[in-house]
Amino acid sequence: MAVSLMQDPSGGSSLKVIEAVKEGWGAFARAPWVFIGFTLLAGVLSSVCSLIQGQVDPDEAAVITTVQAIRLVVGSILSVLVSLWSTTGLVRGAWSALSGGKPALGTFTRWDGQASWRLFRNGLALGILMIAILMVAALVGVAAAQLNQILAVLPFLAAFTVLIYLAVNQKFLAQIALLEGRGPIDSITRGRTLLDPQWGSVLLLALVEFAIVLVGLLACFVGLLVAVPVVLCTSTAAYRQVFGSEDLTGLLAEPMA
């Protein structure tokens, strides 16, 4: 049963990176083949979406046919849906395993339209914010270039710094959207409030997760089938440390018959 959205997750305070990695690996180890199988399924579906989209020659981009346009639109929509479905499934599976359960494939594959909408909405808001920052930097850079070419670089350096800052303190945007049900502004504000005081630790976690993915890439890409779910489990374990371990939206609740 979902808990009221008016209450905050209990527990949670500081991020312990090593502990989060251990907990993430432990969660993955509870159902490794299910995690791997679902990740493989998501990868196959993403590849199918790419095939539907097709490839457009840059030299012929101005003369895209109707069929190509339809394929591009349909493929893009399906790609977004697969991304939302797979992210929701992995977070749900990770949460179940971190809570002591042994998630089955159905735990991952179940479609949750409301959860997917929250994830899409909040991710879109963050994306728009980042694009707005880049646009402001571009406008200021053009104006600064009229005075001095060197000055034109400064707005982009400032924007790059702000984007890194945002990327780190919004690291748990997906978990907040899926497990707390907050709107875009509330989600961004909550991330800043709880993660700014320990921004360095969150950055370290992001670097550790990047290293895990890199190892997966070096293992002939097959390692990604392990690296991706391990990273999701680690990130969700870290979220539980900082934000608490309550599912406020009923993400794990079975749908009513």
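The values are calculated or read from the model by the stated rules, or taken from the named source; none is laboratory data. Owing to the predicted nature of the structure, the values given are computational and were not obtained by experimental measurement. Here Cβ is always computed from backbone atoms with ideal geometry, including for glycine, and neighbour counts include all displayed protein chains.
Checked against the criterion of being modelled with pLDDT of 90 or more, surrounded by 14 or more Cβ atoms within 10 Å (Cβ to Cβ), within 30 Å of Gln198 (Cα to Cα) and among the small types (Gly, Ala, Ser), the candidates Gly12, Gly24, Gly43 yield just one match: Gly24. So is Leu173 over 16 Å from the mean Cα position of the chain (by Cα) and surrounded by 14 or more Cβ atoms within 10 Å (Cβ to Cβ) or not? No; evaluated as a whole, the condition is false for this residue.
So which residues in the range 235-249 are of a type in the set (Ser, Thr, Tyr) and in a loop (DSSP other than H, G, I, E, B), if there are any at all? The answer is Ser245, Thr249.
Does the range 218-234 contain any residue that is of a type in the set (S, T, N, Q), in a helix (DSSP H, G or I) and surrounded by fewer than 22 Cβ atoms within 10 Å (Cβ to Cβ)? Checking the range 218-234: not a single residue is of a type in the set (S, T, N, Q), in a helix (DSSP H, G or I) and surrounded by fewer than 22 Cβ atoms within 10 Å (Cβ to Cβ). Of all residues in the range 176-212, those satisfying the criterion of being surrounded by fewer than 23 Cβ atoms within 10 Å (Cβ to Cβ) and either touching a Phe, Trp or Tyr at 6+ places or on another chain (Cβ under 7 Å) or at positive phi (or both) are Gly181, Leu194.
What residue, of Leu203, Leu166, Leu179, Leu151, is touching a residue at least 60 places away in the same chain (Cβ under 8 Å) and of a type outside the set (Gly, Ala, Ser)? Step through it out loud before you land on a result.
Numbers: Leu203 fails: touching a residue at least 60 places away in the same chain (Cβ under 8 Å); Leu166 fails: touching a residue at least 60 places away in the same chain (Cβ under 8 Å); Leu151 fails: touching a residue at least 60 places away in the same chain (Cβ under 8 Å).
Step by step, each of Leu203, Leu166, Leu179, Leu151 is checked, and only Leu179 is touching a residue at least 60 places away in the same chain (Cβ under 8 Å) and of a type outside the set (Gly, Ala, Ser).
In the range 13-28, the residues that are farther than 22 Å from Leu105 by Cβ reach residues that are of a type in the set (Asp, Glu) and modelled with pLDDT of 95 or more with C-beta atoms within less than 9 angstrom, at least six apart or across chains, in these pairs: Val21/Glu209. Among the residues of the range 103-121, is any closer than 30 Å to Glu23 by Cα, buried (at least 19 other Cβ atoms within 10 Å of the Cβ) and charged (D, E, K, R)? Yes, the range 103-121 contains a residue that is closer than 30 Å to Glu23 by Cα, buried (at least 19 other Cβ atoms within 10 Å of the Cβ) and charged (D, E, K, R). Farther than 25 Å from Pro184 by Cα, modelled with pLDDT of 90 or more and out of contact with any helix residue (DSSP H, G or I) (no Cβ under 8 Å at 6 or more places or on another chain) - does that describe any residue in the range 101-116? Yes - at least one qualifying residue is present in the range 101-116.
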